[in-house]
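K.L.:
Got a structure here, written out as structure tokens. Questions coming.
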Amino acid sequence: MRITVTVDGTKYTDEVEPRTLLVHHLREKLGKVGTVVGCDTSNCGACTVHLDGHSVKSCSVLAVQADGCEVTTIEGLARDGQLHPVQKAFHDNHALQCGFCTPGMIMQSIDLLADNPDPDEQAVREGLEGNLCRCTGYQNIVRAVRDAARNMSPGAGPEAERIAENKHVGVGGD
């Protein structure tokens, strides 16, 4: 089946088998290996990406379901060499150990902050409950999300990603 999907601002048209999971399409066909295969059962959240501006576990979405959609992966967050504020907050707050869950945690955190730009600790924990970390105990992850919230303008998140992307188009090469 032929699909067209825009991933991190670039449009791709590919032939895929109808049973191909989005996570496998991103990693194997498009080389977006920052999207991690964790459990293939949607339990861990390591494969979280944004599909049309909302977080989804890409191991539970077929690639054909993403036809005509926009996908943002962890690789698509940085702009002009600058980390996304949530990426920076994870770095600054040491919110990772092995790093396996980090891409999914960051993607889910951005979606959480789009819905709730000033979450308290409990709201962060609830907003990330579908993403598992076996190393950190979550303290620094929660701290990072709250730090990012303080450093981001209200309503930041997937829509802000598109706005930043649109501002980036045409800059520098004109």
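The values are calculated or read from the model by the stated rules, or taken from the named source; none is laboratory data. In this text the structure is predicted, and so the values were computed from the model without any measurement. Reconstructed Cβ throughout: ideal geometry from the backbone, glycine too, with neighbour counts over all protein chains shown. We work out accessible area using only protein heavy atoms, side chains counted, and drop any ligands, DNA or RNA first. Shrake-Rupley method; radii C 1.70, N 1.55, O 1.52, S 1.80 Å.
K.L.:
Once the mean 1/r over all distinct Cα pairs of the chain is inverted, what Kirkwood radius in angstroms do you read off?
P.N.:
Computed over the chain, the radius equals 16.3 Å.
K.L.:
If you project the alpha carbons of segment 85-160 onto their three principal axes, what span does each projection cover, largest first, in Å?
P.N.:
30, 22, 18
K.L.:
Next up: Please work out whether segment 34-98 counts as rounded, prolate or oblate from its C-alpha gyration tensor, where a ≥ b ≥ c are the square roots of the eigenvalues and a/c under 1.5 means rounded, while otherwise a/b larger than b/c means prolate and anything else oblate?
P.N.:
Here segment 34-98 falls in the oblate category.
K.L.:
Further, regarding this structure: With a 10 Å cut-off between alpha carbons and a GNM built on the chain, which of Ala95, Ala114, Ala123 moves the most?
P.N.:
Greatest mean-square fluctuation among the candidates belongs to Ala123.
K.L.:
Picking from Val71, Gly104, Thr4, whose Cα lies most toward the positive end of the charge dipole for the chain (charges on Cβ: Lys, Arg +1; Asp, Glu -1)?
P.N.:
After comparing all options, I get Gly104.
K.L.:
On to the next question. What is the dipole size for the chain, taken about its Cα centre, with +1 at each Lys and Arg Cβ and -1 at each Asp and Glu Cβ, in debye to the nearest 20?
P.N.:
So the dipole magnitude of the chain works out to roughly 340 debye.
K.L.:
OK, next. If you roll a 1.4 angstrom probe over the protein chains with everything in place, what fraction of the accessible area of the chain belongs to carbon and sulfur, to the nearest %?
P.N.:
The nonpolar share, carbon plus sulfur, comes to 48 percent.
K.L.:
Something else about it: Taking only Cα atoms and a 10 Å spring cutoff, compute GNM fluctuations for the chain and point out the largest among Gly38, Gly127, Gly81.
P.N.:
Per the Cα network of the chain with a 10 Å cutoff, Gly81 tops the list.
K.L.:
Using a Gaussian network model of the chain with C-alpha springs under 10 Å, which one of Arg150, Arg79, Arg125 is most mobile by mean-square fluctuation?
P.N.:
In this elastic network of the chain, the residue with the biggest mean-square fluctuation among Arg150, Arg79, Arg125 is Arg79.
K.L.:
Also: With a 1.4 Å probe and every protein chain left in place, work out the accessible area per residue of the chain in Å², rounded to a whole number.
P.N.:
51
K.L.:
What shape does segment 1-40 take by its C-alpha gyration tensor, where a ≥ b ≥ c are the square roots of the eigenvalues and a/c under 1.5 counts as rounded, a/b above b/c as prolate, and the rest as oblate?
P.N.:
Oblate is the answer for segment 1-40, as a/c is 1.5 or above yet b/c matches or exceeds a/b.
K.L.:
Now a separate question. Counting Lys and Arg as +1 and Asp and Glu as -1, what is the net charge of the other residues whose Cβ lies under 10 Å from the Cβ of Pro119?
P.N.:
Net charge around Pro119: -3.
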